[in-house]
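Written below as structure tokens is the structure these notes are about.
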Amino acid sequence: MRRVVMICLIIFVFLAVCGCQKETDQEKVKKVITEIQAAGEVKDVSKIMKHLSKNYSDPQGFNYEGIKGLLIGYFLRYPKISAYISNLTISLENESARAEFQTVLTSGEKTGSIKDMIPTSLGVWDFSVTLKKESNAWKVTSAKWEESAMMNTGE
């Protein structure tokens, strides 16, 4: 009986140690990106903005408030939004990170017909997002996006 208790105790300690492994910084950055994606699909501006640094600034000329306005305008323009992320790569260096990925954005109109199933707008975008640790949380400090070369076929 003592042996069975000892084996159970060893298994319990092993499982407790394995279950307590900390989330890596790479996993945390990926979580930020996927939470922004999910919030975008339900048009939750505040959930997206909680992942942006107040010092946000990007090459397109947007700051924190500018991105907020851009999102609100986009969400008002498109009744339904779907975002699909692919080719996500994350690189870390000290307290900063870069996430690069492609996103397919689609939208459709709610008309009650079968046409709702077909996207009225489709775009494939290449993103390069810079993040920094602020108060032990990863925050987006800048983002650059452009239409993917795979969509620019010289039309």
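Annotations for the structure displayed:
- The packing ranking of peptides 25-32, 92-99, highest mean first, is 25-32, 92-99, where packing means the average number of other beta carbon atoms within 10 angstrom of each residue.
- Placing pseudo-labels 7 Å out from each Cα toward the beta carbon at Val124 and Lys47 gives an inter-label distance of 2.7 nm.
- Once the Cα-Cα distance is subtracted from the 0.36 nm per residue extended length, the Ala149 to Glu100 segment shows a gain of 16.2 nm.
- Each residue of the range 22-39 is assigned a 3J(HN,Hα), and the resulting list reads 6, 5, 6, 4, 4, 5, 5, 5, 4, 5, 4, 4, 6, 5, 5, 4, 5, 5 Hz, derived from the Karplus form 6.51 cos²θ - 1.76 cosθ + 1.60 (θ = phi - 60°), x at Gly and Pro.
- Here the Karplus relation 6.51 cos²θ - 1.76 cosθ + 1.60, evaluated at θ = phi - 60°, turns the backbone of the range 131-136 into coupling constants of 10, 9, 7, 10, 6, 6 Hz, with x for every Gly and Pro.
- Which of Glu134, Glu23 has the fewest Cβ neighbours within 10 Å, and the rest in rising order: Glu23, Glu134
- Square roots of 5 times each gyration tensor eigenvalue, C-alpha, the range 24-147, largest first, Å: 27, 15, 13
- Reachable lysines from Lys144, criterion Cα separation under 23 angstrom, eight or more residues apart if same chain: Lys28, Lys30, Lys31, Lys43, Lys47, Lys50, Lys54, Lys68, Lys132, Lys133
- The local environment of Ser91, defined by Cβ-Cβ distances under 10 Å, has a net charge of -1 under the rule Lys, Arg +1 and Asp, Glu -1.
- Under a 5 Å amide H cut-off, with hydrogens placed 1.01 Å from N, Asp44 pairs with nothing among residues at least 5 apart or on other chains.
- Counted by Cβ distance under 14 Å from Tyr56, the other residues give a net charge of +3, where Lys and Arg count +1 and Asp and Glu count -1.
- Label-to-label distance, nm, for residues given as Gln37 and Glu134 (7 Å Cα→Cβ offset): 2.3
- When Trp138, Trp145 are arranged by Cβ crowding within 10 Å, least crowded first, meaning fewest neighbours, the order is Trp145, Trp138.
- The charge dipole of the range 24-147, taken about its Cα centre with unit charges on the Cβ atoms of Lys, Arg (+1), Asp and Glu (-1) only, comes to about 380 debye.
- Estimated at 0.36 nm per residue, the fully extended path between Gln60 and Glu93 surpasses their Cα-Cα distance by 9.5 nm.
- Selected from Tyr64, Ile81, Val32, residue furthest toward positive end of dipole (the range 21-81; charges at beta carbon): Ile81
- Working note: Karplus 6.51/-1.76/1.60 with θ = phi - 60° gives the range 53-70 the couplings 5, 4, 8, 4, 7, 10, x, 7, x, 8, 10, 4, 5, x, 5, 4, x, 4 Hz, where Gly and Pro are set to x.
- For Val104, neighbours were defined as the other residues whose beta-carbon sits under 13 Å from its Cβ, and their charges (Lys and Arg +1, Asp and Glu -1) total -3.
Any read-out appearing in this document is the output of simple, stated calculations on the displayed coordinates, not a laboratory observation. Please read all numbers here as calculations on a predicted model, not as lab measurements. No Cβ is skipped: glycine too gets one built from the backbone with ideal geometry, and neighbour counts run over all protein chains shown.
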